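The values are calculated or read from the model by the stated rules, or taken from the named source; none is laboratory data. From a predicted model like this one, the values you see are computed outputs, not experimental measurements. Cβ: placed from backbone, ideal geometry, glycine included. Neighbour counts: every protein chain shown. Areas reflect the complete protein model, heavy atoms only, side chains present, ligands, DNA and RNA absent. Shrake-Rupley method; radii C 1.70, N 1.55, O 1.52, S 1.80 Å.
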Amino acid sequence: MVNIVIFGETGAGKSSVTNLMASQKVARVSPDTQRCTLEWTEYTVTFDDGTQYQVFDTVGLEEPRLQTKEYLTAITNAYSLINALRERGGINLLLFCIRGGRVTTTMKSNYRLFFEFLC
């Protein structure tokens, strides 16, 4: 099974990308920047050729908007996901969803958190 982890800030389109991959609405999305995904959520996505992927939609991380306890909880949830996936063959694709525009300090922090620390 191929494991794909989607991460990024709240409102960057992580759940929408999951729905796009599934060709149907499987993940809840919000039209604004309200948090929909409170913990990581697993979806099985099957493409037209029958290939199956496990897609993991993670909680949005944006340090300035989260309280310290919420941010630490989000990191703990992400860490538990990474550890669970190590037992299931690892991560095949780490997909970083970002909004258009300039690269922010928060984007850099989130990338470093997932790529350098968690993975």
Original post:
Considering only residues of the range 43-59 that are out of contact with any helix residue (DSSP H, G or I) (no Cβ under 9 Å at 6 or more places or on another chain) and open to solvent by less than 80 Å² (accessible area, probe 1.4 Å), which is nearest to SER80 (Cα to Cα)?
Top reply: THR51
Subject >> Leading residue by the ranking (farthest from GLU9 (Cα to Cα)) among those in the range 85-108 that are open to solvent by 40 Å² or more (accessible area, probe 1.4 Å) and part of a helix (DSSP H, G or I) >> reply: GLU87
**OP:** Can you run down the residue pairs with Cβ atoms below 8 Å, 6 or more apart or on separate chains, where the first is in the range 92-119 and aromatic (Phe, Trp, Tyr) and the partner is open to solvent by 70 Å² or more (accessible area, probe 1.4 Å)?
**Re:** PHE96/TYR111
